[in-house]
1. Considering each of 123, 99 in turn, give the residue that is modelled with pLDDT under 75 and part of a helix (DSSP H, G or I).
2. Can you confirm whether the stretch 37-45 contains a residue that is closer than 30 Å to residue 225 by Cα and either under 15 Å from the mean Cα position of the chain (by Cα) or among the hydroxyl-bearing types (Ser, Thr, Tyr) (or both)?
3. Within the stretch 143-169, can you find the residues that are more than 17 Å from residue 117 (Cβ to Cβ), under 15 Å from the mean Cα position of the chain (by Cα), assigned to a helix (DSSP H, G or I) and not hydroxyl-bearing (Ser, Thr, Tyr)?
4. Is the stretch 13-28 home to any residue that is hydroxyl-bearing (Ser, Thr, Tyr), within 20 Å of residue 242 (Cβ to Cβ) and assigned to a helix (DSSP H, G or I)?
5. Of the residues 193, 213, which is under 23 Å from residue 4 (Cβ atoms), assigned to a loop (DSSP other than H, G, I, E, B) and modelled with pLDDT under 95?
6. Which one of these does residue 160 not meet: (1) under 22 Å from residue 20 (Cβ atoms); (2) without any contact (Cβ under 8 Å) to a residue 60 or more places away in the chain?
7. Is there a residue in the stretch 1-18 that is at pLDDT 90 or above, surrounded by 21 or more Cβ atoms within 10 Å (Cβ to Cβ) and either among the basic types (Lys, Arg) or over 15 Å from the mean Cα position of the chain (by Cα) (or both)?
Amino acid sequence: MPHFTPFQWLLAIIAAMGIGVAKSGFSGVSLLHVLIFANLFTARDSTGVVLPMLIVGDICAVFIFRRHARWEHIRRLLPPAAVGVIIGAFLVRWLSEAQFRPVIGAVILTLTALQLLRLSRPQLFEHVPHRLWFAWTMGLAAGITTMLANAAGPIAALYLLAISLPKFELVGTNAWLFFVLNCFKAPFSVFLGLIHPNTLLLNAALIPAILCGLFAGRWLVTRIPQRLFDTLLLVFAGLAAVRMLGIFRPYF
């Protein structure tokens, strides 16, 4: 169990709640926990800390949205995503911490820009052809990104929006996709030493926060415009990603 200050515990609880909120349908929140845990731990180690909590959130999301999944799209994305995870595992092994932190920052900044583009110009993603090359491109990108930074939610959302899935089918398909993908990733993270007993103790302590976030997300979905909510969080994520790239250093 890490020796956190009270403020660091507060940040960890907020990040864990963010996982639950993201799994309930607010995909823009998915970058929040990546940024917080990358600052509480090293950027590399944070990927192993977050993964078991994501699986807990996936299990809850699958239970809630299990009837809405579109398995034909899951089957199409999983093979390239699995290849991407293997590529990402090699990158995690080869990159040093000094290289890893800016890589995660660059990944998050790119995904933030894509999400903002999707929110401001949704028509750009409405008429992408249902081609195999598109599924493989997005699947590979999702697999590499999820192994490097546990931040592939925006990529999967872009693909599922491009094929015009309704809201609940999108969430259900996304839930099953990432449940299978995150379980596939887990042995790689154990082998790389990113998941170990100390990280699992922290995960167990934060499970109540994940569940609270899941229920809070379900409540928020019906009351807060998702466009505004995602935009504000993405602006924050973009600023934090720029900080991880070392472009500026705040005074606090």
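The values are calculated or read from the model by the stated rules, or taken from the named source; none is laboratory data. The structure presented is a predicted model; accordingly, all values stated were derived computationally and were not measured. Backbone-built Cβ (ideal geometry, glycine too); neighbour counts: all protein chains shown.
1. Of 123, 99, the one residue that is modelled with pLDDT under 75 and part of a helix (DSSP H, G or I) is 123.
2. Yes, the stretch 37-45 contains a residue that is closer than 30 Å to residue 225 by Cα and either under 15 Å from the mean Cα position of the chain (by Cα) or among the hydroxyl-bearing types (Ser, Thr, Tyr) (or both).
3. Within the stretch 143-169, 143, 144, 147, 148, 149 meet the criteria.
4. Checking the stretch 13-28: not a single residue is hydroxyl-bearing (Ser, Thr, Tyr), within 20 Å of residue 242 (Cβ to Cβ) and assigned to a helix (DSSP H, G or I).
5. 193
6. Unmet condition: (2).
7. For the stretch 1-18, residues at pLDDT 90 or above, surrounded by 21 or more Cβ atoms within 10 Å (Cβ to Cβ) and either among the basic types (Lys, Arg) or over 15 Å from the mean Cα position of the chain (by Cα) (or both): present.
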